[in-house]
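Notes to accompany the following structure.
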Amino acid sequence: MDPPSGSWEGSYMKEEDIARLVRLRRIPAEVITRAPGEEVEPAPEPGERVVFGAHFDRGLGLPASPFLRQFLDFFGLQPRHLPANAFVSLSCYVAFMEGYTGLWPDVDFWSRLFYLKTQTTDGQMRAYGAASIYSRTGTPFPKIPTVDSVKKWQMSFFYVRNDNPAFDRINLPEYNPAPPVGRLNWGHNAKSADPEAEVNLLWDFLWECTASGRLCAADLLCCYVSRRVLLLQSRGHKICHMSSQFDPTRTSKVELNKAQIASRVNFISQEKLPDNWNWGLEPYNRAEMPPVLFDRQRVEDSDPERRRWTSDHVDPADQAGDDESPEAAEQAGQGEHNPPPSPHQPEEEPEEEGEATSASVPIRAVPESMRPPSTSATSSSAPKGKKRAGERPTAALEAKVKKQRRMAPKKGRHKILQGRRLSADSQCRVAGPAVEVGADSAAYVTCAHATRRRAACGHAACRGGRRFSYTFSGCARLRLSE
């Protein structure tokens, strides 16, 4: 007789499976591991934590990163509450923060882009996978094409504990068999009316990176696969500070070619990346560090040029940590830690976004149309994009955008807002006081594109997307017609 839907079914993890994870440097050698016996559901001994092999294949590593521990504690979760796909989503968020903004990831900006939704079976929270991650409506973050469902990921559990309690090499919460009934802080959304708030600056920077189609989901997936790092593992420095194939934060010194990277990306997602893929927007590295655009960068990094970095592991003979991932592009996420589904295993159906209750005091939300613009970075401050296989080059896309700005809006497609002047004290953020735009310049605001609620300068000196301190909530992207 088949077990009830959503119940535990034991674990298939063996000692050799766990030894593979240790060899791949996903688990430190100092951590004591134990394979499950005949128990149907996790039964850890005192001091043990419950982990899942499917999570280690999708970005988790021990000790867990400070961001992952902060995420679990803030939302009252345990690793078993998150399905395997959630670790791919979290890893892509970390890749963007570390690889493109130069910041350590935090929960506040994550809550501006995503939210948690309860997964139930027969009206009850599931014993595992009770919290799924969904993108918020209107978010500029690229949609990660995760597999529909990683089958039987919950059957990959095993146990870990520290060999010395004085040194925590796991950094995961103590096991609790109860579901996250309280939904602690699940309604958190760190919106702010302050245009200089970091979440607003990051939002604008992300939008500038994705608006022209340069930064996409494939870049974020390839970012941590090609760099050979576990983004949910504690590391000495960020992705943007990595040096070479001998960087100490890598799990292997062996470089992957494009075909191998594509195979591993397709294993954990439905990206269907071709073997001859190219970067849309390549992440930064130590040779080309990101510009300082956020105050927190100065606090976290001080002066990177004077920083003493951890020495690279320059022994090319050291091949430890290298291993061939299952070649499973056609298996839609099935693999060593994802056995084929049984007939009674239910599919995870996507659900619509809904309001989640929060155990904390609700934060006042500011409608997007009313949020003041910010002095964020523009597309000119981001790395230069490169042509992606099968897509138009970045130069062609930028030329198309500039042409749209020069041309009048098409009748019936964009609303023309005649007579809306910028305030007399508005100034071009590129040219400064030398180029004043206001009542004296007879410059009117017209709608040029229906994707953005911001006023942008159409002057030839600053057509790179710089914005003024003027917002008209009834329009999308605005420009000046001289």
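We did not get these values from a lab; they are worked out from the coordinates using the rules stated. Predicted, not measured: the structure shown is a model, and the values here were computed from it. No Cβ is skipped: glycine too gets one built from the backbone with ideal geometry, and neighbour counts run over all protein chains shown.
Things to note:
- Note on GLU30 and ASP275: the extension gain reaches 84.4 nm, defined as 0.36 nm multiplied by sequence separation minus the Cα-Cα distance.
- Burial ranking of peptide ranges 65-78, 209-222, 165-178, 17-30 (average Cβ count within 10 Å, highest at the top): 209-222, 65-78, 17-30, 165-178
- Sorting the segments 86-99, 108-121 by their residues' average number of neighbouring beta-carbon atoms within 10 angstrom, most packed first, yields 86-99, 108-121.
- FRET efficiency for GLU196 and SER135, using Cβ-Cβ distance with R0 set to 25 Å, rounded to 0.05: 0.50
- Segment 1-124: C-alpha gyration tensor shape, a/c 1.5 cut-off, then a/b vs b/c: oblate
- Listed pairs LYS117/LYS143; LYS14/LYS143; LYS14/LYS258 exceeding 23 Å between Cα atoms: LYS14/LYS143; LYS14/LYS258
- Cα gyration tensor category, rounded, prolate or oblate, for segment 198-291 with a/c compared to 1.5: oblate
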